[in-house]
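Quick notes on the structure that follows.
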Amino acid sequence: MKTKILLLLNLLLISTLSFGVTHTVTNANASGEGSFAQAFADAVTGDIINFNFDGTEFTFPNEVPMKSITIDGLNAYNDQKVIFKQTASTSFFSLASGITGTFKNLIFDGTGIAGNTAIKAAKGSTLTVENCEFTNINAQKNNGGAMRIQGTANIVNSVFDGNQTSGGYGGGSICIYGDTDVMIDKCTFVNNSSLSTAKSGGGAVVVRGRDAAGIPTKLTVSNSTFANNNSSNFGSAILCSVQSKTANYIVNVDIINCTITGNATVTASGAVETHADSLGTLNLNLVNTIVTHNVNSSGYSDVLENKESGATATLTTELYNTIYGVSSVTPDAGRNCIEIADPAVANIFFKSLETFATDKKRPVLTSASGQKIAAISETSIARGAGIATLAGFDIPTKDQTGGARPATPSIGAVEYYVWVGVSDDAVNTELKMITKDKVISFTGLSGVSPVAVYGLTGNLLHQSLVGNNQEISLDHLSDNLVIVRINNKSFKAFLK
């Protein structure tokens, strides 16, 4: 009996060590039992902090040294993401070498604060960010508005909106440099800015080689949208840069099934740009990607190799199944790329084009599953023009919204969806849905029925009861593309 009890205790100890302890925040107090401060103080490696309190936000007076734990901000009390805010010019969190930190379901809001980079991850750290939002963070002269990464990072299903930096490297949202390996998937970067006029840039992201040991700085980004970002110098959306007169820094960047559009710079630069001022190696691959409707100081400019006079660096840019407008790089024959002559009339996007940069055109964005996307049209030249397999690259089988890609995928971050009001399994039945702007109604109901509205990834957005021909306003939803379930029928709708 004693042996059995000891065995049970050992199993419980192993379970605790393997899965960690969950610490629940139950109030918004600055300290004490149930506070975030107490939960964080009590947490040890492998633990989880979650939330169940009557409130919405926490304010950080100082930078918090992150532990090897998970902070999951989905508040069980109201099913909303917890909001983290700054009060001073400090970061929210910093990850030291050896720390493995995970942030989930959180909003990092820097509105109104002259602050600092939200998350700093040092060399040797491992950062995971999942389903988070970074908004209006002003990092001032610190590189990377939302993040500065020198270690390993995996960033998925997140939104970066309205962040900025005036740092000498740049990266309106993310600055990546040194011995790094970063993966970004299913993310949106909109309205971010790199404001320095030094040799910096990357309205959304900058990748800067900085490891003298010859270890490449690596970024792989897939299923993501880069739209309406700005740079005061190089790379209105993404800048890949090596700047050294003594070391051969290396940068390797793969951009797969992304949409890069509507970005702007006030210099003679590009939306996706490789830049070198002396030594170094830059390798950029664009696969199944739309790079159009971006502008610089003299007109449209999408893909650019920029090697300064006298530089001996090696710049290699390869395009595969990519749609582009103005590029300094000509794709090799057989790569199935599409060059558009006039962005104002090119048949790519679902919505109408809007005017920016005085007289240029860019697509109007659509909200879907909590993200901003540039949806493609039914007859788009991007539809079914991608490649499903390519040696050396992992082509995603789902798009940015989580929808399955067909055997022959589209070019860009999202596939085409049929938003005609009725899905296949609701055709030829008496039950029909009528959509007008953001109002839906049904015909064919025999009584009152429950109706549920979901985002494309299955997240519940609205539920209520409805009768025959009764209208339901969905003005409160930010998503434009939704799935409606009623009486075991599914309808797809585009809410204008």
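The values are calculated or read from the model by the stated rules, or taken from the named source; none is laboratory data. Note that this is a predicted model, so its numbers are computed, not measured. Reconstructed Cβ throughout: ideal geometry from the backbone, glycine too, with neighbour counts over all protein chains shown.
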Quiz item: Which members of region 210-237 meet the condition of being among the small types (Gly, Ala, Ser), touching a strand residue (DSSP E or B) at 6+ places or on another chain (Cβ under 9 Å) and modelled with pLDDT under 95?
Solution: Gly214
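Could you name every one of the strands (runs of 3 or more DSSP E) located completely within region 222-338 that has at least 2 residues being in contact (Cβ under 8 Å) with a residue 24 or more places away in the chain, under 26 Å from the mean Cα position of the chain (by Cα) and surrounded by fewer than 18 Cβ atoms within 10 Å (Cβ to Cβ)?
314-320
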Quiz item: Somewhere in region 168-185, is a residue surrounded by fewer than 24 Cβ atoms within 10 Å (Cβ to Cβ), in contact with an Asp or Glu (Cβ under 6 Å, 6 or more places away or on another chain), more than 28 Å from Ile215 (Cα to Cα) and in the same structural domain as Phe234 (by TED's automatic domain parsing)?
Solution: no
Quiz item: Restricting to region 150-162, what's the tally of residues that are of a type in the set (Ser, Thr, Tyr) and outside any strand (DSSP E or B)?
Solution: 1
Practice problem: Consider Phe350 carefully, then state whether it is within 22 Å of the chain's Cα centre (by Cα) and of a type in the set (A, V, I, L, M, F, W, C). | Solution: yes
Exercise. For region 268-285, name all the residues that are farther than 12 Å from Phe226 by Cβ and not small (Gly, Ala, Ser).
Key: Glu273, Thr274, His275, Asp277, Leu279, Thr281, Leu282, Asn283, Leu284, Asn285
Quiz prompt | Residue list for region 206-217, filter: touching a Phe, Trp or Tyr at 6+ places or on another chain (Cβ under 7 Å) and surrounded by 20 or more Cβ atoms within 10 Å (Cβ to Cβ) | solution = Val206, Arg208, Gly209, Arg210, Thr217
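Can you name the residue in region 186-205 that is among the aliphatic types (A, V, I, L, M) and part of a strand (DSSP E or B) and is also surrounded by the most Cβ atoms within 10 Å (Cβ to Cβ) among such residues?
The extreme case among them is Val205.
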Quiz item: Conditions: (1) in a loop (DSSP other than H, G, I, E, B); (2) surrounded by 15 or more Cβ atoms within 10 Å (Cβ to Cβ); (3) modelled with pLDDT of 85 or more. Thr457 meets all but one. Number of the miss?
Solution: (3)
Practice problem: At least 3 residues that are buried (at least 24 other Cβ atoms within 10 Å of the Cβ) and either modelled with pLDDT under 95 or within 19 Å of the chain's Cα centre (by Cα) (or both) in each: list the strands (runs of 3 or more DSSP E) lying fully within region 108-149 that qualify. | Solution: 119-121, 147-149
Quiz item: Does at least one position in region 192-206 carry a residue that is within 23 Å of Phe350 (Cα to Cα) and within 20 Å of the chain's Cα centre (by Cα)?
Solution: no
Quiz item: What tally of residues in region 306-326 results from selecting those that are in contact with a Pro (Cβ under 6 Å, 6 or more places away or on another chain) and modelled with pLDDT under 95?
Solution: 0
